[in-house]
Amino acid sequence: MYFWSGSGWKVFYVVGFLCICNNFIVNIDGSIHDYRNEVFTRQSNAFFFHGGSEGLYASKHLYSSDSSPDKPIKGNSFIRFESITFVRPKESASKQNEMQQKTGLVEVIILEVKERERIGGSFLKTNLICCTHNLSKEGYCSAGEVIIQKNLDRPEWPKRFKIFFEATNEEVLMNPEVVEIDRTGMYYLYFMYCDPQLEGTVIKGRTVWKNPDGYLPGKMAPLMTFFGLMSLAYLVLGLAWFVRFVQFWKDIIQLHYCITVVIALGMCEMAVWYFEYANFNSTGSRPMGVTLWAVTFTSVKKTLSRLLLLVVSMGYGVVRPTLGGITTRVLLLGLVYFVASEGLELFENLGNINDFSGKAKLFFVLPVALLDACFILWIFSSLSTTLEKLQMRKNLAKLELYRKFTNSLAVCVLLSIAWIGFELYFNATDPLSELWQFAWIIPAFWTLLSYSLLVVICVLWAPSRNPTRYAYSEGDDFDEEGVSLTSSVITGDMATKLDRNCGSSLTPTCVRERESSKQTKEEDGPRPPPPPPPWRQPI
């Protein structure tokens, strides 16, 4: 039987961003799960509190006599209980006998997700969680305790610790315990009691969850290596772009500066995330300052990346010199997206890893999804308009450039849709996180897709000696490449335009135009002088 405690948070989006920031500045723990007067909820005939769940790898050194709660062996995977205290109501304590030693029982249960059916009476064909007198008489369990079916292959699992209240005491402190993990899996921690007189009992303290190589949860551990590799990938891209930038710095256009900013933000984002994960892995708590910087870099980079795609699709710097009257709308969309993205990133990356309500997260995901849809629609609408203009003007070089960009963008959108479908299927078919070892691939894919699209833009709009092939010029209405395809004679005005656009450039397009003009003049030969006006003709 599987139990889950829903927090049922209700957050208004307008003030949610500020409230989340204020709350998470106080509590930004990950593998360290804090309990601050948490309340138990009723499940069947038991009272239940979910203490946490994480993927843990098997310890490298098991059952060492040198291990202790204060100094666990390096390389061990464990769950450690620190200052766990249970507080029952005064009314419940006053009803007990002062001479009685055990006046209330609270149980701590640790199990692997595959053993969830062993908790409760499902193997006895009953929905009860706590043992009754009838079941006790039949020898299945002890009355007043949680029903647990022992695993014959692992007799000591699921783990159970019993904590008793004494006499009329209102509080009881759990002894420090360290549970070593001997098998890789997703582990759940439950606090439960069966006595109705303990209703209203709360829990305080914390538990520490550690993997063999650090405090990062199993779902997140591979991401530290991934961000390290992505930092190197952005560094390589940045160096290649910088060399090209310096080599052709005289031919740099404004669009190149925008691409440079996005590359720099990507490098900073990956580096900060790597150091954030490394710090989290060594301490067990997320560093507030580094995490806030990482979240902000991610939000700014995502926003500028989408704005870059949008202005490129509009033909900024290629078909039109400025965005004109739509600049305000573009900036407003970017600002709204940044706020929504920042809120979502803070919600996902600050606080306990597994304690967020799905409904609360949906409240932050929906605005970002809607804004992403707006960006996609606007980008493809702008691309359609830009391609139509280039086709009408017969700017063949720019038209081919934008066709390649459109194809690349279309492939990315199709991959995104397919991956969203896979992500929905993955989450729907794995509600208990049994496939936690592969969960890191889902966020990693979006980072790789964003990097790939940035590489495509860098290749298509790389600085070169011939920036006129994609840069806006005053003579864009004139078809530079189309001149050689016409059979008409180049007029003086057209030749003037050719000289103005090409100048002394030795690019293949300009050389071809000059040869075509020269060949046309030679074929026509010298033209005869025009006839004199009538008043000068001989009578």
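Things worth noting here:
- Stretch gain in nm, segment Leu239-Cys412, where the contour uses 0.36 nm per residue and the Cα spacing is subtracted: 59.8 nm
- Out-of-range pairs (alpha-carbon distance over 18 Å; input Lys114/Lys150; Lys219/Lys302; Lys162/Lys204; Lys102/Lys162; Lys95/Lys162; Lys60/Lys210): Lys219/Lys302; Lys95/Lys162
- Less than 5 angstrom separates the built amide H of Ile84 from those of Met174, Arg206, all sequence-distant by 5 or more or on a different chain.
The numbers here are math on the coordinates, done by the rules we state, and not lab data. Keep in mind the model is a prediction, meaning the values are calculated, not measured.
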